[in-house]
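Here the structure is laid out as structure tokens; the discussion comes afterwards.
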Amino acid sequence: MRKLIASWPAVRQLQEDPLGLGASARSTVTDELTPRTATAHKVVQSVCPYCAVGCGQRIFVQDGEITQIEGDPESPISRGRLCPKGSATKGLVQSPLREYRVKYRRPHGTRWESLPLDTAMDMIADRVIATRRATWEEEADGPEGPVRVARTLGIGSLGGATLDNEENYLMKKLYTALGAIQIENQARI
């Protein structure tokens with residue numbers, strides 16, 4: 001009976017490896033596993049695209065495909081750590097559900113249709129120009145009569161948290177040149 005009890009894995013672990021860090025925590029399946037990073041042909045350093053923190057990433061690539069994304073221990077920002085979204089960046093890049101075409105749904109439409117990028121960009125530009133033209137205010141009523149405002153209230157901008165200072169600067173310049181005054185960045189909200 002004593003021999004039978006001594007053969008139980010829990011008893012063996014308590015006697016031989018009480019912290020479960022050695023042989024008791026391993027199996028033949030565990031011994032045959034290799035990390036996804038071991039077979040990578042190259043490691044590319046990058047920055048996580050999800051928020052404005054800018055955590056460093058190490059992207060492991062094999063045969064042109066990402067095999068793993070980990071935090072970059074050399075990053076002074078994240079020191080090798082990533083949040084759950086940053087750790088799942090591989091899905092953002094290589095998901096079978098990722099769209100590679102511009103999708104458009106016409107007003108009152110029930111289906112999405114694919115458009116060429118040039119067509120979509122022309123549609124956006126036409127709508128910006130039309131909105132600016134339709135909502136332009138040269139003057140507004142002030143306390144002592146008309147005041148020159150030269151603005152449009154029909155266009156606004158809310159930037160995303162992943163935009164850097166340079167991108168925000170360019171967006172501010174663009175929208176100010178268009179006459180928009182409702183310009184904000186998500187990082188400040």
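Report the residue count in the stretch 142-163 for those that are part of a loop (DSSP other than H, G, I, E, B) and without any contact (Cβ under 8 Å) to a residue 40 or more places away in the chain. Qualifying residue count for the region: 3.
Just wondering, is there one or more residues in the stretch 12-26 that are out of contact with any strand residue (DSSP E or B) (no Cβ under 8 Å at 6 or more places or on another chain), closer than 30 Å to Asn185 by Cβ and part of a loop (DSSP other than H, G, I, E, B)? No, the stretch 12-26 contains no residue that is out of contact with any strand residue (DSSP E or B) (no Cβ under 8 Å at 6 or more places or on another chain), closer than 30 Å to Asn185 by Cβ and part of a loop (DSSP other than H, G, I, E, B). Evaluation of Gly156 against the conditions (1) in contact with a helix residue (DSSP H, G or I) (Cβ under 6 Å, 6 or more places away or on another chain); (2) of a type in the set (Gly, Ala, Ser); (3) closer than 30 Å to Cys55 by Cα shows that the sole unmet condition is (1). Does Ser87 satisfy being at pLDDT below 90, within 21 Å of Gln45 (Cα to Cα) and assigned by TED's automatic domain parsing to the domain that holds Val53? Here the answer is yes, as Ser87 does meet what is asked. From the list Thr110, Thr119, the lone residue that is more than 30 Å from Val47 (Cα to Cα), outside any loop (DSSP other than H, G, I, E, B), in the same structural domain as Ile183 (by TED's automatic domain parsing) and among the polar types (S, T, N, Q) is Thr119. For the stretch 126-149, the candidate set comprises residues that are at pLDDT 95 or above and of a type in the set (A, V, I, L, M); within that set, the residue that is farthest from Lys173 (Cα to Cα) is Ala134. Restricting Pro35, Pro49 to residues that are surrounded by 12 or more Cβ atoms within 10 Å (Cβ to Cβ), under 26 Å from the mean Cα position of the chain (by Cα) and at negative phi narrows the list to Pro49.
Restricting attention to the stretch 143-163, the residues being loosely packed, with under 14 Cβ neighbours inside 10 Å and among the charged types (D, E, K, R) number 2.
Take the conditions part of a loop (DSSP other than H, G, I, E, B), out of contact with any helix residue (DSSP H, G or I) (no Cβ under 9 Å at 6 or more places or on another chain) and not assigned by TED's automatic domain parsing to the domain that holds Asn168 and apply them to Arg81. Does it pass? Answer is yes for this residue.
The values are calculated or read from the model by the stated rules, or taken from the named source; none is laboratory data. Since the model is a prediction, treat every value here as computed from it, not as a measurement. Reconstructed Cβ throughout: ideal geometry from the backbone, glycine too, with neighbour counts over all protein chains shown.
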